[in-house]
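Enquirer: The structure under discussion is supplied below as structure tokens; questions concerning it will follow.
Please treat every number below as a calculation from the coordinates, not as lab data. Just so it is clear, the model here is predicted, and its values are computed rather than measured. Methodologically, a virtual Cβ is constructed for each residue, glycine included, from the backbone with ideal geometry; neighbour enumeration extends over all protein chains shown.
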Amino acid sequence: MKQFLPVFKKELFGYFRSPVGYVILIAFHLLTLGLAFYANFYESRQANLSVLFRFLPWILLVFISATGMRLWSEEKRSGSIELLFTLPISVASAVLAKYLAALAFVAIALLLTFSLAFTTAYLGNPDWGVMLSGYLGSLLLSAAFLGISSLCSSATKNQVIAFVASIAACFAITIGGAQGLIDYIDDFAPTALIDFLTNLSFLINYQTLTIGLIELGAVSLFAFFTIAALAINIVILKK
Amino acid sequence: MIVVDKLVKDYGSLRAVAGVSFKVEKGDILGFLGPNGAGKSTTMKIITGYLAPTDGTASVDGYDVNEDPIEVKRRIGYLPESSASYPEMTVLEFLSYVAEARGFNGAEEINKRLADVIVKCHLQSVQNRAIETLSKGYRQRVGLAQAILHDPPVLILDEPTDGLDPNQKNEVRKLIKNMAEDKAIILSTHILEEVEAICNRVIVIDQGIVLVDETPEEFKARKPGAKIDEIFRDLTNKEVLA
């Protein structure tokens, strides 16, 4: 674990060594703010961030897949993975270092949307507890998305495949609890299946956190997916 | 220093390395010859701990590659075939990263290491340039610099002079030869004169099997008067040989 820090540092700074990191951050920021205003952030006259958190999972899904796709596939394609794994670094600490650097990058993106929180606080009298719980939810959701994305990236040399696979996987696990889907299958699917889908859905569990309920079930669901994805990631790379 | 014992590596149904054994002692420069796809790079990658062997063992300084990969990696400097690195980093950034990852800490110690390899590999003029903007020759030297940075007792160099011009080739050979005294070095190459110039042992490998393990002099004596290229051609065109 001693060699964790050099890799973490290199990866995190790596996002800002080329324009890519800035472009992704700006695109993310414009998109979240744009959608918040489109959803009548001001006109709704509510002192909360529900307009932000309503769209955030769908934006994060794409944004995180774009951030995570290069994590391992790029190393594999360029051959630098050989360099990395002939340094005295264990696979587990390399996976963790790269993952946490990417998560730190995502956290920076989320921090930028604090502008909305401050605006809300300036204009009204919001419940900071609820807003922060929403951010905790966003970070946990991001962590799980990124784990899946990193896993997809470790399975292929091709960044585009990693990107598409990551979006598909994240989408599948998120949509499970979406109201439209539940309404649709409600007529014929057994209740057990619907319960299963909603309990497992990232969306439902995320929504619990955004309304200020920090439930153990929701937190542990995201933690479970993150840890499981990273564990499989390590196994794939060890092969 | 390096002991390779009956190494086997399968890629699916393809057997890339089929029972390779040899030893390399301190002071040796072993020239690894063979046609493309003979199993040279695979063997080297197993010794570095990057690939796991299907069967057989490799050890460095008494540490088994499978059991103590980290200890083995500490003792090896490795130049991959592609001289891969991180294109958007500058030479200095890249080398400091490798130094830190190799466990050096403190600015003074790292700077001393960097200064040393930058001079040895003649990288002064490009140290602040991004690696992606460098010519192949410079990239190769950056790869060499990262391999020797921690002054390892074992060096594994996959085609170290590939892509260099004749002067640079000469320079790199001199550099390798000067380091040989207290190191065990394996280098793979296609350039047979290189073996003659710096190696004190030759291993010819083809289709995953060691065909020849002897000194360059013995190797040349196989067909007196013939060029070393001819002997190589004779050896590797046949299916099996002594």
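Enquirer: Where residues in the range B:19-39 are assigned to a strand (DSSP E or B), hydrophobic (A, V, I, L, M, F, W, C) and out of contact with any Ser or Thr (no Cβ under 6 Å at 6 or more places or on another chain), which of them is surrounded by the fewest Cβ atoms within 10 Å (Cβ to Cβ)? Spell out the reasoning first.
Expert: Of the residues in the range B:19-39, the ones assigned to a strand (DSSP E or B) are B:19-24, B:29-33.
Going one step further and asking which of them are hydrophobic (A, V, I, L, M, F, W, C), we end up with B:20, B:22, B:24, B:29-30, B:32-33.
Pick out the ones that are also out of contact with any Ser or Thr (no Cβ under 6 Å at 6 or more places or on another chain) and you get B:22, B:24, B:29-30, B:33.
Numbers: B:PHE22: 18, B:VAL24: 22, B:ILE29: 23, B:LEU30: 22, B:LEU33: 26.
Out of the qualifying residues, it is B:PHE22.
Each row is one residue, and each column tells you yes or no for (1) among the hydrophobic types (A, V, I, L, M, F, W, C); (2) assigned to a helix (DSSP H, G or I).
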site	(1), (2)
A:ASN40	no, no
A:ARG45	no, no
A:LEU60	yes, yes
A:THR86	no, no
A:VAL106	yes, yes
A:LEU111	yes, yes
A:THR119	no, yes
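Enquirer: Quick check, is B:ILE76 surrounded by fewer than 21 Cβ atoms within 10 Å (Cβ to Cβ) and either within 9 Å of another protein chain (Cβ to nearest Cβ) or in contact with an Asp or Glu (Cβ under 8 Å, 6 or more places away or on another chain) (or both)? I'd like the intermediate steps shown before the answer.
Expert: Working: surrounded by fewer than 21 Cβ atoms within 10 Å (Cβ to Cβ): no; either within 9 Å of another protein chain (Cβ to nearest Cβ) or in contact with an Asp or Glu (Cβ under 8 Å, 6 or more places away or on another chain) (or both): yes.
No; evaluated as a whole, the condition is false for this residue.
Enquirer: Same structure again: Can you tell me which residue within the range B:51-73, out of those that are outside any strand (DSSP E or B) and small (Gly, Ala, Ser), is nearest to the other protein chains (Cβ to nearest Cβ)?
Expert: The first filter runs over the range B:51-73 and keeps only residues outside any strand (DSSP E or B), leaving B:51-54, B:61-62, B:65-73.
Retained after the next criterion (residues that are small (Gly, Ala, Ser)): B:52, B:62.
Numbers: B:ALA52: 8, B:GLY62: 16 Å.
The extreme case among them is B:ALA52.
Enquirer: Okay, next question. All but one of (1) within 12 Å of chain A (Cβ to nearest Cβ); (2) in contact (Cβ under 8 Å) with a residue 12 or more places away in the chain; (3) assigned to a helix (DSSP H, G or I) hold for B:LEU114, so report the exception by its number.
Expert: Here B:LEU114 clears every test but (1).
Enquirer: Ok, one more. Using the structure shown, decide if B:THR48 is within 13 Å of chain A (Cβ to nearest Cβ), among the β-branched types (Val, Ile, Thr) and under 15 Å from the mean Cα position of the chain (by Cα). If you could, list the steps in order and put the result at the bottom.
Expert: Working: within 13 Å of chain A (Cβ to nearest Cβ): yes; among the β-branched types (Val, Ile, Thr): yes; under 15 Å from the mean Cα position of the chain (by Cα): yes.
So B:THR48 passes the test.
Enquirer: Somewhere in the range A:155-163, is a residue assigned to a helix (DSSP H, G or I), among the aliphatic types (A, V, I, L, M), closer than 25 Å to A:LEU52 by Cβ and touching a residue at least 24 places away in the same chain (Cβ under 8 Å)? Explain how you work it out, then say what you get.
Expert: Initial filter on the range A:155-163 (assigned to a helix (DSSP H, G or I)): A:159-163.
Cutting the leftovers down to among the aliphatic types (A, V, I, L, M) gives us A:160-162.
Still in the running and closer than 25 Å to A:LEU52 by Cβ: none.
The answer is no; no qualifying residue exists.
Enquirer: Name the pairs whose Cβ atoms lie under 8 Å apart, with the first residue in the range A:80-104 and closer than 18 Å to B:HIS150 by Cβ and more than 7 Å from chain B (Cβ to nearest Cβ), the second crowded, with 22+ Cβ neighbours inside 10 Å and among the charged types (D, E, K, R), and 6 or more positions between them or separate chains?
Expert: Listed pairs, sorted by first residue: A:LEU84/A:GLU75.
Enquirer: Can you confirm whether B:TYR97 is assigned to a helix (DSSP H, G or I), more than 9 Å from chain A (Cβ to nearest Cβ) and crowded, with 19+ Cβ neighbours inside 10 Å?
Expert: Details: assigned to a helix (DSSP H, G or I): yes; more than 9 Å from chain A (Cβ to nearest Cβ): no; crowded, with 19+ Cβ neighbours inside 10 Å: yes.
The answer is no for B:TYR97.
Enquirer: Further question on the same structure: Can you tell me which condition B:GLU108 does not meet? The list is (1) part of a helix (DSSP H, G or I); (2) more than 10 Å from chain A (Cβ to nearest Cβ); (3) closer than 25 Å to B:PRO166 by Cβ, and all the others hold.
Expert: The one condition B:GLU108 does not meet is (3).
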